[in-house]
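Quick note: the coordinates plus some simple rules give every number you see, no bench work behind them. Values in this document were obtained by computation on a predicted structure and should not be read as measured data. Ideal geometry is used to build each Cβ from the backbone, glycine not excepted, and the neighbour counts take in all protein chains shown.
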Amino acid sequence: MIATVYKSTGSWYKVKTETGDAYNARVKGKFKIGDITSTNPIAVGDKVKIEMENKEEGSVVINEIFDRKNYITRQSPHNKNQHHIVAANLDQSLLFATLKDPKTSQGFIDRFLIASEAYHVPAMIVFNKTDLYKKKELEKFEEVSSIYNAIGYKVLPMSISGNIGVEEVKVLLKDKVTLLTGHSGVGKSSFINIIFPEFTLKTQDVSGWSGKGLHTTTFAEMFDLPFGGKIIDTPGLREFALMDIPKHELSHYFPEMRALINDCQFNNCMHIEEPGCAIKSAADDEKISIDRYISYRNILDTIKERSW
Ligand SMILES: Nc1nc2c(ncn2[C@@H]2O[C@H](COP(=O)(O)OP(=O)(O)OP(=O)(O)O)[C@@H](O)[C@H]2O)c(=O)[nH]1
Ligand SMILES: [Mg+2]
Ligand SMILES: [Zn+2]
């Protein structure tokens, strides 16, 4: 039988067949998928071949995993050099960001967008908790949404508590497989809870937010949307993994820079201080966002070239 993985804890899995039957599954033997070194070989969204193990208990064994269309990884919290596959076979990824309780930095948003570009997953951003925004945050929202809109990313405001913008976000999800991601405490599980009034996924109060260690959702889980499509709730992320991107390729994942790369004088230009750099001069002339350019430089500094 062929099934899709709906939940992965690393030791057992929840899978659903094409006819809608759900089973608990485990893996027999060792899996090595391509040349990916991953701490979890099977991720939510994976298509797998299953075999009945115990009919009474409804348990099955996974004995094959099909090639992935795409996937998104994060850094393992224990080992920076290991990825952890968050989810596979996605149609799109949706970042929940917030400007308050907790605050999502622009650097984090940019890393998310780079990861999405690198893995060929279309990306969108929703700013949640707008009910908490005062003048300062509202201005910031306008500023960031115009930056990202200008380079082709959809940005929407939402307040789950205030029931504002929720329907607009639901429209984006229809008939697609969407990865829902973002820092811990931004409201991912709360969003799923309002789509499914019959659910009560665990959510947690972020008052007295310290920015550390408050991970309410511990495993990624996929849900069938009542209006068509699937959504994957994930544990809060501290950072996206970008370790496969070499320094000289980083600008390819910034759409506004990608469009200018051929205008640089040198074809190995890293857009720092090279003469005739089209990207640096576009940033100086404010033709591309300076904030994005600064993000580019900051992220460039964090990439260590692999020593072959
Ligand atoms: N003020 C306000 N609070 C919200 C809103 N949406 C969610 N919250 C609150 O934010 C807190 C965290 O929400 P969760 O849904 O647990 O966040 P999460 O993104 O699933 O967090 P992790 O599972 O840790 O990754 C809860 O107390 C929610 O009630 C909103 O629109 N406005
Ligand atoms: Mg959660
Ligand atoms: Zn350049």
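Residues PHE219, PHE240 in ascending order of nearby Cβ atoms (within 10 Å, fewest first): PHE219, PHE240.
Is the C-alpha gyration tensor of the chain telling us rounded, prolate or oblate? Criteria: a/c under 1.5 is rounded; beyond that, a/b larger than b/c is prolate, otherwise oblate.
Values: a/c = 2.13, a/b = 1.36, b/c = 1.56.
Cα axes put the chain in the oblate bin.
Each label point was placed 7 Å from the Cα along the Cα-to-Cβ direction; for TRP12 and GLN82 their separation is 2.2 nm. Here the Gaussian network model covers the chain, with springs between Cα atoms less than 10 Å apart; of TYR296, TYR133, TYR253, TYR133 fluctuates the most.
As a proxy for reagent exposure, ranking HIS84, HIS271 by other Cβ atoms within 10 Å from fewest up yields HIS84, HIS271.
How much length would be gained if the chain were fully extended between LYS247 and ILE303, taking 0.36 nm per residue of separation minus their Cα-Cα distance, in nm to one decimal?
Values: separation 56, 0.36 × 56 = 20.16 nm, distance 0.63 nm.
Gain in length upon complete extension: 19.5 nm.
In segment 46-126, taking the dipole from charged Cβ atoms about the Cα centre, the farthest positive-side position among SER76, SER93, GLY107 is held by GLY107. With springs only between Cα atoms under 10 Å apart, run a GNM on the chain and tell me which of PRO235, PRO255, PRO275 wobbles the most. With Cα springs under 10 Å in the chain, the top fluctuation among PRO235, PRO255, PRO275 is at PRO275. Straight-line cross-link partners of LYS304 among the aspartates and glutamates, defined as a Cα under 12 Å from its Cα and at least 8 positions apart when in the same chain: ASP244.
If r is the Cβ-Cβ distance from LYS174 to ILE294 and R0 is 45 Å, what FRET efficiency results, to the nearest 0.05? Please list the in-between numbers first.
On the way: r = 36 Å, r/R0 = 0.80.
It comes out at approximately 0.80.
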